[in-house]
Every structure is written in C-alpha cells, then in structure tokens.
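A short worksheet on the structure shown next.
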Amino acid sequence: MSNYLEFNGIGKAYPGVQALKDISFRAEEGKVLALLGENGAGKSTLLKILSGDTKPDEGSITINGEQVSFTAPFQAITKGISVIYQERQLVPSMNVIENVYSGDLPANRFGFLKRGEMRKKTQEIIDKFGLPIDPYELVGRLSVAYQQMVEIMKAYRRDSQIIAFDEPTAPLTDAEISVLFRLIQQLKEEGKVVIYVSHRLGEIFQITDEIVVLKDGRMVTTMKTAETNEHSLIKAMVGRDIGDTYSHLSRNEEIGDVLLEVNNIVTEAVHDVSFKLHKGEIIGFAGLVGAGRTEVVRAIFGADPVLSGEIKLNGTPLHFSSPRDAIAQGIALCPEDRKEQGLVLWRDITDNICMPVFDKLLKGLFVDTEKSEDLAEAAVNRYSIKTPTLDKTVIELSGGNQQKIILGRWTSALIDTKILILDEPTKGIDVGTKAEVYQMMCDFAKQGIGVIFISSELTEVINIADTVIAMHNGHITGTMTRDEATEEAVLALAMLD
Amino acid sequence: MESTTGLNKAGGVRKFLNSKAFMLVVMIVAEVIFFTIVSKGMYISMFNVRNILSSMVITAYLTAGAVFLMISGNIDLSTAQVSTIAGVVMAKLLLAGMPWPLAVILTIAGSAFIGLINSVLINEFHFMPFVATMSVSYVAQGIMLLITHGAAVDVENPAIVWIGTYRIFKQIPVNVIFTFIIFAIYGIILARSKFGKHLYLIGGNPVAARLAGLDPKKMWYVLFINNAALGGVAGMLQAARLRAGTTNGIANGMFAGTTGAILGGVSFGGGSGGMGGAFIGLVMINAFNSGLTVVGVNPYWQTVASGMLLLIALTFDYFNMRRLEGLK
C-alpha cells in the first residue's frame, strides 16, 4: 500500500485577502515535496489547513483516497499528520520521554503511566536516528536543533505517515542542518510523505524531489527538482508584475542632504549595519522574515539597545535610550504588528491619534477635548479614514484604516516628523488601500521626510523605494538603486546562503 | 443618523456600556426601595444613611488606588496591610509626642516607601504583581505585629480625633466630605488630565504606548507608590475614627479595594473602567451590606450575598466582553 496526500482545489479567504485559491497537488510516499514561495504566498495557511488548525473555505484533503476534514488539530494527528512548526510545540519543563509521548501518555488501568514502556520506546527512536540525546534531559535544556529532533521523534512515535516541516532550518547551524537532513532522508526511506516548506533555494535542491511553487495564494507551477534550476525557480516565485499601480505614482524627484547616517550598528540581532538616508528619499528594506530588518529600525528608534556603532541625525551623533528620545528628534515608527504594537485597540480614534502629543493638547491642567478632536478629525480627513465618528474604538476599523490612524498620529500638525519608518505598512490590507499607502509614502518624501520602508513583498520594495537594501541573517547583503533593482537580483541577495 | 452596519454596532456597544452603569444605578434604587419597605423606613433614616456613607470612607481610598492600578493592568494585594500598619505607626508616633502633621507626613512617606518596594520588585525584577505584592503584604503584616505585639495603640491627639469623628451640624462626618473630595479629584485626574489619558493608553497596550513615546515603567512606579500612599491615608483615617491604631486590619483584606472597582466595571485586563463606575460599585456594596444588617439578615448570609453580588456583576462583564470580542 502506498501512502499519498492530495489537496483538491483548496481555497481560503481572510477579510480583505484571498490567502489561498485553487490549490491542488499530490504528495507521495518516499518523496520530499517542497512548498516554495515568498512571504505571504500562502505556505503557512496551507500548513495550518493540513494540521487542522484552520478550515478551508473550499476544496478538500484526501489521504490514501479517503477524504478527510478536520475541525481541530488532534483530528489531523489521528489521521497520521504531524506538522513541525518553527515555534516548537514542546513543554520545556518536561523531559524528552514525556514530550515524545505528550498528547497520549500510555497509562495502565489504574491511571499510572507505563514509564518503562515509554522509556524503552523513546530510547529505541533515539537509537534509530542515532542521536546523542539523553531521554531524561529536560527539553528546555536542549539546543534548538535537538528540540526540533524531539519534535520529529514525537511525530515518529505517533507513527505519522505525513510529516510537514515549516522552515525547519531557519534557526539551525550548518552542522545541525546536515543532521536534520539525514533524519528527513531516513523518514523518506521509511515511506513517509514529507512536505518541506522553505524559501532557501539551496536546501530545496539538496533534499527535495518535487517542488510546488505558490504565489499570492495561487499555485504557479509544480515541477521535479531534478528538472529545474535556481533561476527558473526564482522566476516562478516572483511571477507576474502587478504593474500599473507603480507607474501612476507621483514620485518625489528631489532628494536632499543626508538626514540619517547609520554607521556599523550592532544589536543582538543585527550585525554591522550601515546606510545613509537623505531628505525626501525612500529606502526600502528587502529580505526574508527574520533577516533583521525590523531589528534595524527598532534600534534606530531606540526601542532595542544598540550595542555598538553610531547613529547620526543631521550630522549629530545621538543616543536614544527609549522611543521617547527618538520621537523627540522627529523619528516616527509605524510598527509591523499594528494590533500588538501600534494601536490601543479598545481606545477611540482620537486617543490613538493624539497619543504622543497630549502634552501639547492641554488647556490649563486638563486635556482639551476639542483640540484633540480637531487634531484627530484633520487626520481622518487627510487620509480619508472611513469612520462615522471619532469616538469609535479602533478595533472596529479595517486594517487599512487602522494603518492610516498610525500614519495620522505621526504626521499631525503637532508633531514634526523628519524620518518616518514604515514596517510592513501594507500587510493585510487590500489592494486599493495599498496603492493609497504607496502614494502617501511618495507624498511624505515630497515634503522632505526621509522614509524607511520595510516590506516582505519584493515587488513593492523595488518599485517604491529609491534605494533598495537587501538583508540576510542580520547583515546587509546589497544596496541598489530602483533602476538597478530587479526582483531576481534582490531575491538572490535576500536568500543568500 | 446611523446608516452603515458598522455604525450600528458602534451605537450598540455604546448603549450597552452605558446600560452597565445605568443598570447599577437601577439596582441601587431598587435596593433602596426594597430595604426601605422591608425595614419600615429605618433604612433611609439619617442614622443609617450616615452609616452607609461612613462605611465607604476607608474602602474609598483603597478603591481609588485599585482603579488606577487595574486600569494600568496591575493589582496590589498589599494595600490593606499597608493601611493597617499605617494606622498603628501613626498612633505610635503620636504617642511618642510627635506633632500630628509630622506624624501624618511620615506615615504617608512610610506607606509610599512600601509602594516603592512593590514597584522595584515588579519593574526591575519583573515579578508578577500578584506574587510581589502578596509577599510584601505578609512582610508588612509581620512587622506591624512586631511593633505592636498584637495590641491596639490608642490615638488621643485632638486634631486627629477631630478628623476622625467630627460631624458638621452634628450630622455629616467631616471625614466623609474629605473622602468624597479626594475621590472626586482622582476621578477628574483620570477623566480629564494628560496623566489619565496616558494611564488608559498604557493599560490598554503598554507595547504600543512605549513605541508612541509614553513611559509605562514610570507610570507603574507612580501608580504603586500612589496606591500605597492612599492605603496609608485610609489606615490613618481608620485609626482616627476608632481612636486607636488596631491590628486586625480592614474587612475583605487583600481585595478590599478591588471589589468595588470590579463591581463598577473596571476590568482586570487593563485599559477600561473609571472612577464613576467604581463609585457606584462602592455605594452598591455598602448600601447592600447595610440593608442586610438593617433587615436583620444573619451576618454569614451577608457574606454569601456579597459574593453573589460580585458574581452577578462579573457575569454581566463576561457577556459584555463576549459581545465586544465579536467585533474583532
């Protein structure tokens, strides 16, 4: 009997985003299938559907010819599916044996654990994979790589026939990666169906047999790994142009003096980063999730400590010990996660816009409600934020409008923003609003504001930014002008192995 | 005019929130009518109304502090114990012949110092507020017992006794007026000042607030110190009223201040609620307890009834939250 897994016309929509559409392919036993695509291509959503975490809107999953449908992860596990996520699902305070058995601890009829059996079986699995792991070690004390091995052992112990890996090598060193690959090879030889999600091209060629390429939630192509090469894979991932949005932008033509100079800054996540931002310039940071782009801007903004290096504003070296200091110098950050880091969701529009400037909105001892509302209203009008009243809590607004509220906060009449940092400003917002956000960025540049723009959508970065900086693993791997930057070139730098 | 579905929802939330305070007021009115009829008018006698108001005095300070802390997403379980120690310390200082203003100031400073310890444990060592303040509470209690050997310390200073017991026109206790003024000042700070705005924003989302240039840590320092100082004031007033610093503390112990706040709609999650609601909550608890006493309900049943009251209020909050979550 041969195992196989089939996706048949899977589709999934979130408010404002079609995350997946018409996904159909087949993964077979004894083969490693790669799921490849840029950030936001839909890989994670597909894995969530496979693991029973999310239900698809349309389409179905078939295992060995039997159609299955899950409403909770444990159902997927019973059907022999194990998904190994980047965030490990282990209990750090328990030992290897207990983690390998977590979920269905074997007990005798009095409810006591069959400890002997658990230990024996765990040791067997450890030996089978040839790993130097002590079964009694607490999982929290193991290295990240070994924790991952424990996850694999857990899947193996459950006798899962379908094992999916979500970017397993991201936190690993080269030596650890080779151990992981040996394990995957072993799983493959035992006839498991292995799905491997990654955007590291080198690995794809090393261990996979087939490749499914996703872009914007759709399948671009399916191919045999042996019959393709890096160049055509990158082309498939990048795909078609969004095109016109960009040619209609009214851009800033005058780039001024150096505004911000970053020299060799080092933080916990960033190594030796240097660049210059000019007045009216838009710098775009491209790279994969975890490349260190957010960490660079957080360091500039005083949100994370800078270990060494220098930040100069208009030629003056400055040290920010908190965002408050950076804001006082005219630096503003629209963070990546609007809901967690940008907004106070249960407060109203006025409060969220006036947040940094209440000291300028006082009448005597008290906050001047009228002045605050005028300020908020100006932002609502300027960015055409769709809301009936100013006292609506921001949780009730759409993603695009929420983003505009943060923009309104940093560009109000009471704040003199010289540098505006936008971290993934178009994430989770619809296409029409995206175009608006692009034009706003160009307008800020026209006012002489220096704009730093982080996005995981390559097309966006290379079409909006005057200067594109590619990052990988905490380092800057390349800097290009808009004319020089092509998706292929930037992607190659961002995926540098 | 409401034209879109989004707007209708907003109106619904607003109405719902308003109806919460409204509901509490309706409940209080019903309570008053009920107890007045059952007690044949005794419930609204001057004597009993004064009793109700007086019973609110001590908890009002603890509630004011608790409301601020809870809006910021914190809790302090040591406040009641700080009060007890403050009453005793003030009594001791007066007994030693210290002039009363100095004794009062020193006691407030000492209370604030305990708040500072709480702040340091929570902000610098990242203890959970619950754990840190509970531990501090026990330490404070122990020290208090060491000072007093468990015996009350008499307060005879005329000025302090005046604050504790004087009644304007022989009817209205001066400490009730004093308390209401302080409560109102805290209410105005919360509702109208920059500090109040920052408090709500930091409580609602400390990460976002920090990235918008606010200083959550400083805020938390101020709040814990303020809360302990208020606890100190409460303890001194208690001692002034009883003419003695006693060692048996405040009713409901660790949760004395939070109860009224919760009943009045301040949530543990932080970022919401206000002094108005907390005041209504406070009135409600005390009017209710007094009513049960006046109509002669067994005191054990009174405890059960108070618990039920809180459960009803929390259940109401739960449904309210669920409704709001639906909007996410």
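Quick check on the range B:130-140. Is at least one of its residues more than 14 Å from every other protein chain (Cβ to nearest Cβ) and on the phi > 0 side of the Ramachandran plot?
First, the residues of the range B:130-140 that are more than 14 Å from every other protein chain (Cβ to nearest Cβ): B:130-140.
Keeping just the survivors that are on the phi > 0 side of the Ramachandran plot gives none.
The answer is no, given that none of the residues of the range B:130-140 is more than 14 Å from every other protein chain (Cβ to nearest Cβ) and on the phi > 0 side of the Ramachandran plot.
So which residues in the range A:156-185 are among the hydroxyl-bearing types (Ser, Thr, Tyr) and closer than 28 Å to A:Ala269 by Cβ?
Filtering the range A:156-185 for residues among the hydroxyl-bearing types (Ser, Thr, Tyr) gives A:156, A:160, A:169, A:173, A:178.
Answer for the range A:156-185, where residues must be among the hydroxyl-bearing types (Ser, Thr, Tyr) and closer than 28 Å to A:Ala269 by Cβ: A:Thr169, A:Thr173, A:Ser178.
Working only within the range A:463-482, note down all residues that are part of a helix (DSSP H, G or I) and crowded, with 23+ Cβ neighbours inside 10 Å. Quick ask: steps written out before the conclusion?
As a first pass, look at the range A:463-482 and keep what is part of a helix (DSSP H, G or I): A:463-464.
Listed by number, the list holds a single entry, A:Ile464.
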So, B:Ser119, is that one hydroxyl-bearing (Ser, Thr, Tyr), modelled with pLDDT under 95 and touching a Leu at 6+ places or on another chain (Cβ under 9 Å) or not?
no
Identify, from the list A:Leu407, A:Leu420, the residue that is assigned by TED's automatic domain parsing to the domain that holds A:Glu253, part of a strand (DSSP E or B) and in contact with a Phe, Trp or Tyr (Cβ under 9 Å, 6 or more places away or on another chain).
A:Leu420
Residues that are of a type in the set (Lys, Arg) and part of a helix (DSSP H, G or I): does the range B:242-250 have at least one?
no
Which is without any contact (Cβ under 8 Å) to a residue 60 or more places away in the chain and closer than 19 Å to A:Val194 by Cα, of A:Val96, A:Val68, A:Val91?
A:Val68
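I need a count of the residues in the range A:139-154 that are more than 25 Å from the chain's Cα centre (by Cα) and under 15 Å from A:Gln86 (Cβ atoms). Walk me through it before giving the result.
Of all residues in the range A:139-154, those more than 25 Å from the chain's Cα centre (by Cα) come to A:139, A:141-142, A:153-154.
Next, only the ones that are under 15 Å from A:Gln86 (Cβ atoms) stay: none.
Number of matching residues: 0.
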Give me the residue from the range B:245-286 that is among the hydrophobic types (A, V, I, L, M, F, W, C) and more than 14 Å from B:Ala313 (Cβ to Cβ) and, out of that set, nearest to the other protein chains (Cβ to nearest Cβ).
B:Met275
Criterion: touching a residue at least 60 places away in the same chain (Cβ under 8 Å) and among the polar types (S, T, N, Q) - qualifying residue of B:Thr36, B:Thr84:
B:Thr84
Across the range B:180-214, what is the total count of residues that are in contact with a Phe, Trp or Tyr (Cβ under 7 Å, 6 or more places away or on another chain) and of a type in the set (Ser, Thr, Tyr)?
1
Subset of the range A:423-451, residues more than 13 Å from chain B (Cβ to nearest Cβ), within 18 Å of the chain's Cα centre (by Cα) and either among the β-branched types (Val, Ile, Thr) or crowded, with 22+ Cβ neighbours inside 10 Å (or both), comes to A:Glu424, A:Pro425, A:Thr426, A:Ile429
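This table checks each residue for (1) surrounded by fewer than 21 Cβ atoms within 10 Å (Cβ to Cβ); (2) part of a loop (DSSP other than H, G, I, E, B).
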position	(1), (2)
A:Thr45	no, no
A:Ile49	no, no
A:Asp53	yes, yes
A:Thr62	yes, no
A:Ser82	no, no
A:Ser93	yes, yes
A:Ile97	no, no
Subset of the range A:446-461, residues modelled with pLDDT of 90 or more, among the β-branched types (Val, Ile, Thr) and not in a strand (DSSP E or B), comes to A:Ile449, A:Val461
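Could you tell me which of the residues A:Pro106, A:Pro73, A:Pro56 is free of Cβ contacts under 8 Å to residues at least 24 places away in the same chain, within 25 Å of the chain's Cα centre (by Cα) and either more than 24 Å from A:Leu172 (Cβ to Cβ) or outside the structural domain of A:Val197 (by TED's automatic domain parsing) (or both)? Steps first, answer last, please.
Working: A:Pro106 fails: within 25 Å of the chain's Cα centre (by Cα); A:Pro56 fails: free of Cβ contacts under 8 Å to residues at least 24 places away in the same chain.
The unique qualifying residue is A:Pro73.
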Determine, yes or no, whether A:Ser412 is in contact with a Ser or Thr (Cβ under 8 Å, 6 or more places away or on another chain), surrounded by fewer than 24 Cβ atoms within 10 Å (Cβ to Cβ), more than 30 Å from A:Ala269 (Cβ to Cβ) and within 14 Å of chain B (Cβ to nearest Cβ).
no
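For the range A:216-325, please list each of the strands (runs of 3 or more DSSP E) lying entirely inside it that holds at least 3 residues being more than 23 Å from A:Thr481 (Cβ to Cβ) and not assigned by TED's automatic domain parsing to the domain that holds A:Gly448.
On the way: elements: A:218-224, A:258-266, A:273-278, A:282-287, A:308-313, A:316-318.
Answer list for the range A:216-325: A:218-224.
Which one is farthest from B:Leu211 (Cα to Cα) among residues in the range A:335-346 that are surrounded by fewer than 24 Cβ atoms within 10 Å (Cβ to Cβ) and in contact (Cβ under 8 Å) with a residue 12 or more places away in the chain?
Looking only at the range A:335-346, we keep the residues that are surrounded by fewer than 24 Cβ atoms within 10 Å (Cβ to Cβ), and these are A:336-341, A:345-346.
After this cut, where a residue has to be in contact (Cβ under 8 Å) with a residue 12 or more places away in the chain as well, the list is A:336, A:338-339, A:345-346.
On the way: A:Glu336: 12, A:Arg338: 11, A:Lys339: 13, A:Leu345: 15, A:Trp346: 17 Å.
If we take residues in the range A:335-346 being surrounded by fewer than 24 Cβ atoms within 10 Å (Cβ to Cβ) and in contact (Cβ under 8 Å) with a residue 12 or more places away in the chain, then A:Trp346 is farthest from B:Leu211 (Cα to Cα).
Please count how many residues of the range A:357-373 are within 7 Å of chain B (Cβ to nearest Cβ) and either surrounded by fewer than 19 Cβ atoms within 10 Å (Cβ to Cβ) or in contact with a Pro (Cβ under 6 Å, 6 or more places away or on another chain) (or both). Lay out the reasoning, then the answer.
Going residue by residue through the range A:357-373, those that are within 7 Å of chain B (Cβ to nearest Cβ) are A:358-359, A:362, A:365-367.
Remaining after also requiring either surrounded by fewer than 19 Cβ atoms within 10 Å (Cβ to Cβ) or in contact with a Pro (Cβ under 6 Å, 6 or more places away or on another chain) (or both): A:359, A:362, A:365-366.
Of the residues in the range A:357-373, 4 are within 7 Å of chain B (Cβ to nearest Cβ) and either surrounded by fewer than 19 Cβ atoms within 10 Å (Cβ to Cβ) or in contact with a Pro (Cβ under 6 Å, 6 or more places away or on another chain) (or both).
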Can you find, within the range B:210-221, the residue that is surrounded by the fewest Cβ atoms within 10 Å (Cβ to Cβ) among those that are out of contact with any Pro (no Cβ under 6 Å at 6 or more places or on another chain) and within 11 Å of chain A (Cβ to nearest Cβ)?
B:Lys218
The range B:185-208, subset small (Gly, Ala, Ser) and facing chain A (nearest Cβ under 7 Å), residue surrounded by the fewest Cβ atoms within 10 Å (Cβ to Cβ):
B:Ser193
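Where residues in the range B:58-83 are of a type in the set (Ser, Thr, Tyr) and in a loop (DSSP other than H, G, I, E, B), which of them is surrounded by the most Cβ atoms within 10 Å (Cβ to Cβ)?
First, the residues of the range B:58-83 that are of a type in the set (Ser, Thr, Tyr): B:59, B:61, B:63, B:72, B:78-79, B:83.
Retained after the next criterion (residues that are in a loop (DSSP other than H, G, I, E, B)): B:72, B:78.
Numbers: B:Ser72: 24, B:Ser78: 28.
Going through the qualifying residues, I end up with B:Ser78.
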Matching residues, the range A:328-356, being more than 20 Å from B:Ser193 (Cβ to Cβ), more than 7 Å from every other protein chain (Cβ to nearest Cβ) and not aliphatic (A, V, I, L, M)
A:Gln329, A:Gly330, A:Cys334, A:Glu336, A:Asp337, A:Arg338, A:Lys339
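The values are calculated or read from the model by the stated rules, or taken from the named source; none is laboratory data. What you see is a predicted model; the values in this text were computed from it and never measured. Note that we place each Cβ from the backbone using ideal geometry, even for glycine, and neighbour counts take in every protein chain shown.
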